[in-house]
Amino acid sequence: MDMDSVNEYELYYGNDDKSHANVYTLDKSVTKYKLTGLFPNTMYRIELTAYSSIDPFARERLTIQQRTKEFSKKIFISVCLR
């Protein structure tokens, strides 16, 4: 999908047992998003879906898994959209 045709993003993240899951709709102008309030030493599934402004049925999804650090005062994952 051409980045110029992206209308908005949907960002989902959740841990393995889905006890901590969130979904956010992000404007196309957003280039970074920081996931905060995460649990230490926990595997998270992160899905970023881009929706097209040209075709309402066109979308692309990227899925990654990331484990947070075991010992840290500030636990977060930064997601870059572009």
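The values are calculated or read from the model by the stated rules, or taken from the named source; none is laboratory data. Computed from a prediction, not measured in an experiment: that's the story for all the values here. Here the Cβ positions follow ideal geometry from the backbone for every residue, glycine too, while neighbour counts run over all protein chains shown.
Keeping to the range 69-82, report how many residues are under 17 Å from Tyr12 (Cβ atoms) and either at pLDDT 90 or above or among the small types (Gly, Ala, Ser) (or both).
1
So how many residues does the range 19-33 have that are of a type in the set (S, T, N, Q) and assigned to a strand (DSSP E or B)?
Adding up the residues that qualify gives 2.
In the range 24-81, which residue that is among the hydroxyl-bearing types (Ser, Thr, Tyr), surrounded by fewer than 11 Cβ atoms within 10 Å (Cβ to Cβ) and in contact (Cβ under 8 Å) with a residue 40 or more places away in the chain is nearest to Asp2 (Cα to Cα)?
Only one residue fits best here, namely Thr31.
Looking only at the range 34-82, how many residues end up being under 11 Å from the mean Cα position of the chain (by Cα) and assigned to a loop (DSSP other than H, G, I, E, B)?
1
Among the residues of the range 19-33, write down those that are modelled with pLDDT under 85 and within 15 Å of the chain's Cα centre (by Cα).
His20
Of the residues that make up the range 1-18, is at least one at pLDDT below 85 and either part of a strand (DSSP E or B) or touching a helix residue (DSSP H, G or I) at 6+ places or on another chain (Cβ under 8 Å) (or both)?
No, the range 1-18 contains no residue that is at pLDDT below 85 and either part of a strand (DSSP E or B) or touching a helix residue (DSSP H, G or I) at 6+ places or on another chain (Cβ under 8 Å) (or both).
With the requirement that a residue be exposed (fewer than 12 other Cβ atoms within 10 Å of the Cβ) and of a type in the set (A, V, I, L, M, F, W, C), what does the range 1-23 give you?
Within the range 1-23, Met3, Val23 meet the criteria.
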